[in-house]
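Visitor: One structure, pasted below without further comment.
The values are calculated or read from the model by the stated rules, or taken from the named source; none is laboratory data. Since the model is a prediction, treat every value here as computed from it, not as a measurement. Please note: Cβ atoms are built from the backbone with ideal geometry, for glycine as well, and neighbour counts cover all protein chains shown.
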Amino acid sequence: MADSHNPIVRGAKVWLRRFEKDDIAEYKRAVNDAYIAHWAGYVYPQNDVMAESFFERRASGDEYFFVISPLGGTDFLGTIWLWNIGGRLGGAELSMFIVEAENRGKGFGTDAINAMLDFAFGNLEHHRVWLTTLASNEPAHRAFERAGFTKEGVVRGHYLRHGERCDSVQMSILRPDWQALERSRSWDYTQLT
Ligand SMILES: CC(C)(COP(=O)(O)OP(=O)(O)OC[C@H]1O[C@@H](n2cnc3c(N)ncnc32)[C@H](O)[C@@H]1OP(=O)(O)O)[C@@H](O)C(=O)NCCC(=O)NCCS
């Protein structure tokens, strides 16, 4: 696994690297954690076959399944991925999680979202990046709004959680929204000479 000090996709605190087979165990452990499962939408326990098949599906084609690692290292802080490319809602869907509670609320999530948006709008042709999350997922709303997303609307009774139908919120950022952001871009941190 490459330990990059001048990564292609990065923020101020983290860099995004391709998910490798070696990461499957960490991924499986994460998605079997009740907190991640609840908020990120993994509604049943996953075994090795399911985790490997998830990796195989995301490893090929035009999806971008990245691990969030701290700058200068390859620790598995979490994942962030662009998928559902060009579906009925257009653009690309973004999903993510930060595994450990002690690493949440420290800005890693927002930094990873910024890096992914720079990749989606700066290196790919996307016009729109969107996501759907539980209406009660305040940390996610905060992180995504800070990164420039707008709440588009509520999908009533979208998800079933713990025996109850829950509303979700759909959020998106369009290319012009991203262009208007006044912050450093992923490539501002990279060394090209
Ligand atoms: C959503 C998630 C990726 C954000 O990552 P993160 O590293 O915690 O994000 P950040 O630290 O950049 O920002 C989190 C924000 O939520 C706030 N926050 C944390 N706990 C909160 C709570 N219980 N209620 C309200 N806000 C909360 C933090 O203070 C921070 O906002 P601020 O910096 O404006 O104060 C992470 O919380 C996570 O993995 N959640 C579980 C999976 C999930 O919900 N995925 C998103 C669905 S697509």
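Visitor: Kindly check whether there is at least one residue in the range 33-52 that is among the aromatic types (Phe, Trp, Tyr), modelled with pLDDT under 95 and on the phi < 0 side of the Ramachandran plot. If you could, list the steps in order and put the result at the bottom.
Guide: Filtering the range 33-52 for residues among the aromatic types (Phe, Trp, Tyr) gives 35, 39, 42, 44.
Now drop any that are not modelled with pLDDT under 95, which leaves 42, 44.
Filter once more, so that each one left must be on the phi < 0 side of the Ramachandran plot: 42, 44.
Yes: the range 33-52 contains one or more residues that are among the aromatic types (Phe, Trp, Tyr), modelled with pLDDT under 95 and on the phi < 0 side of the Ramachandran plot.
Visitor: Taking the residues in the range 114-143 that are part of a helix (DSSP H, G or I) and over 16 Å from Leu16 (Cα atoms) as candidates, determine which candidate is farthest from the ligand (Cβ to nearest atom).
Guide: Checking each candidate, the answer is His141.
Visitor: Let me ask another. If you go through the range 153-168, how many residues are in a strand (DSSP E or B) and either without any contact (Cβ under 8 Å) to a residue 40 or more places away in the chain or within 19 Å of the chain's Cα centre (by Cα) (or both)? Show your work before the answer.
Guide: Filtering the range 153-168 for residues in a strand (DSSP E or B) gives 153-161, 164-168.
Now narrow it down to the ones that are either without any contact (Cβ under 8 Å) to a residue 40 or more places away in the chain or within 19 Å of the chain's Cα centre (by Cα) (or both): 153-158, 164-168.
The total comes to 11.
Visitor: Is it the case that some residue within the range 135-152 is modelled with pLDDT of 95 or more, crowded, with 16+ Cβ neighbours inside 10 Å and over 17 Å from the mean Cα position of the chain (by Cα)? Quick ask: steps written out before the conclusion?
Guide: From the range 135-152, those modelled with pLDDT of 95 or more are 135-152; that's our starting set.
With crowded, with 16+ Cβ neighbours inside 10 Å added as a condition, the list becomes 135, 137, 140-141, 143-144, 147-149.
Adding the requirement that they be over 17 Å from the mean Cα position of the chain (by Cα) leaves 135.
Yes: the range 135-152 contains one or more residues that are modelled with pLDDT of 95 or more, crowded, with 16+ Cβ neighbours inside 10 Å and over 17 Å from the mean Cα position of the chain (by Cα).
Visitor: For the range 28-65, name all the residues that are away from the ligand (no atom under 13 Å from the Cβ) and within 23 Å of Gly107 (Cα to Cα). Talk me through it step by step, then tell me what you get.
Guide: Of the range 28-65, the ones away from the ligand (no atom under 13 Å from the Cβ) are 28-29, 32, 43-65.
Within the range 28-65, Arg29, Tyr64, Phe65 meet the criteria.
Visitor: OK, next. If you check Arg146, Arg104, Arg183, which single one turns out to be within 16 Å of the ligand (Cβ to nearest atom), over 16 Å from Phe65 (Cα atoms) and in contact (Cβ under 8 Å) with a residue 60 or more places away in the chain?
Guide: Working: Arg146 fails: in contact (Cβ under 8 Å) with a residue 60 or more places away in the chain; Arg104 fails: in contact (Cβ under 8 Å) with a residue 60 or more places away in the chain.
The conditions single out Arg183.
Visitor: Out of Ser53, Ser95, I need the residue that is surrounded by fewer than 19 Cβ atoms within 10 Å (Cβ to Cβ) and without any contact (Cβ under 8 Å) to a residue 12 or more places away in the chain. Which one? It would help to see each step written out before you state the result.
Guide: Working: Ser95 fails: without any contact (Cβ under 8 Å) to a residue 12 or more places away in the chain.
Criteria check complete, one pass: Ser53.
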